[in-house]
Amino acid sequence: MVQRIRIRYAKRGPLRFTSHRDFARAFERAVRRAGVPIAYSQGFTPHPKISYASAAPTGVASEAEYLEIGLQAEADPEQVRAALDAALSPGLDVLEATVATAGTSLADRIDASRWRVELTGVDPDHLATAVAAFLAADEVSVERMTKQGRRRFDTRAAVVTVQPGAVPDTDSGPGYAIMDLVVRQVTPTVRPDDVLAGLRVIANLEPPVPPRAIRLAQGRLTAQGELVDPLVDDETITGGPFIAESSM
């Protein structure tokens, strides 16, 4: 492996229902169709060198999903991005690509996520009251089925910020609210639906319509509560060669 490229991609529209496993299969096919010079692991069953970072839950839209690929030949990141984007279905959109800085890990660059949750049928004042009660609590426990079975865990400790968001004038009214949320990555993962479960427990907030969540950003959380984009410190190659012929 001579080069690592980090990629940001989005899951939009109906493609938000793509599971992580199905996306991984689609991405490997896209790599082959695009002729990206992907590197492979050693052994009897070589696998393409692709690593994923904290995939969003199935059914959740995202503008900030990340992965890293290892290449066996140097390539221009923008050409790789464009080729992969063209090879994937619309709605699975490759947005950015950059060369990974030597000695750094993609996982080390992500420890929090920013979300927007749209709540149809919820009065904004009710949301504001529920959020205030949530923030005032020392602990808000909920239950969810995980790979290890049903577990009870604290949602409050993982939440960095949660607040009612600004509702556009076109959507204003008592039946629509927006929640802005920043959550640390913990184990088990605390997702937007877990925070909503906490709001139901502590303030009887229960949307009559399934909420719609979108992940807006991921990154390392600063002391000021900002998220640093995982790609921001990497060098970007310009004018490098891109191999159009697949070597697989």
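Residue under question is Ala100, and the condition is that it be open to solvent by 20 Å² or more (accessible area, probe 1.4 Å), among the aliphatic types (A, V, I, L, M) and under 30 Å from Arg33 (Cα atoms); does it hold? When the stated conditions are applied, Ala100 does not pass them.
Restricting attention to segment 123-149, the residues being modelled with pLDDT of 95 or more and assigned to a loop (DSSP other than H, G, I, E, B) number 4. Regarding segment 150-165, can at least one residue be identified that is touching a residue at least 24 places away in the same chain (Cβ under 8 Å), open to solvent by 40 Å² or more (accessible area, probe 1.4 Å) and part of a loop (DSSP other than H, G, I, E, B)? Checking segment 150-165: not a single residue is touching a residue at least 24 places away in the same chain (Cβ under 8 Å), open to solvent by 40 Å² or more (accessible area, probe 1.4 Å) and part of a loop (DSSP other than H, G, I, E, B).
Of the residues examined, Arg184 is not one that is buried (at least 16 other Cβ atoms within 10 Å of the Cβ), on the phi < 0 side of the Ramachandran plot and either touching a residue at least 40 places away in the same chain (Cβ under 8 Å) or of a type in the set (Ser, Thr, Tyr) (or both). Mind checking whether some residue in segment 48-71 is open to solvent by 60 Å² or more (accessible area, probe 1.4 Å), touching a residue at least 12 places away in the same chain (Cβ under 8 Å) and among the small types (Gly, Ala, Ser)? There is no residue in segment 48-71 that is open to solvent by 60 Å² or more (accessible area, probe 1.4 Å), touching a residue at least 12 places away in the same chain (Cβ under 8 Å) and among the small types (Gly, Ala, Ser). For segment 207-227, which positions are out of contact with any Asp or Glu (no Cβ under 8 Å at 6 or more places or on another chain), in contact (Cβ under 8 Å) with a residue 40 or more places away in the chain and part of a loop (DSSP other than H, G, I, E, B)? Within segment 207-227, Pro207, Pro208, Val209, Gly225 meet the criteria.
Tell me, yes or no, whether segment 95-109 has at least one residue that is part of a helix (DSSP H, G or I) and more than 26 Å from Ser51 (Cβ to Cβ). No, because not a single residue in segment 95-109 is part of a helix (DSSP H, G or I) and more than 26 Å from Ser51 (Cβ to Cβ). Output the residues belonging to segment 35-72 that are touching a Ser or Thr at 6+ places or on another chain (Cβ under 8 Å) and small (Gly, Ala, Ser). Within segment 35-72, Gly35, Ser54, Ala56, Ala64 qualify. In segment 213-238, of all residues being out of contact with any Pro (no Cβ under 6 Å at 6 or more places or on another chain) and modelled with pLDDT of 95 or more, the one that is surrounded by the fewest Cβ atoms within 10 Å (Cβ to Cβ) corresponds to Leu216.
Here the condition is being charged (D, E, K, R), over 24 Å from Thr187 (Cβ atoms) and touching a helix residue (DSSP H, G or I) at 6+ places or on another chain (Cβ under 8 Å); of Arg29, Arg81, it holds for Arg29 alone.
Exactly one residue out of Ala55, Ala75 is under 20 Å from Leu231 (Cβ atoms) and in contact with a His (Cβ under 7 Å, 6 or more places away or on another chain), and it is Ala55. Scanning segment 108-148 for residues that are in contact with a Ser or Thr (Cβ under 8 Å, 6 or more places away or on another chain) and either exposed (fewer than 14 other Cβ atoms within 10 Å of the Cβ) or small (Gly, Ala, Ser) (or both) yields Ser113, Ser141.
The values are calculated or read from the model by the stated rules, or taken from the named source; none is laboratory data. Just so it is clear, the structure is predicted and the values come from calculations on it, not from any experiment. We place every Cβ from the backbone using ideal geometry, glycine too, and count neighbours over all the protein chains shown. Accessible surface is based on the protein model in full, side chains and every heavy atom, while ligands, DNA and RNA are left aside. Shrake-Rupley method; radii C 1.70, N 1.55, O 1.52, S 1.80 Å.
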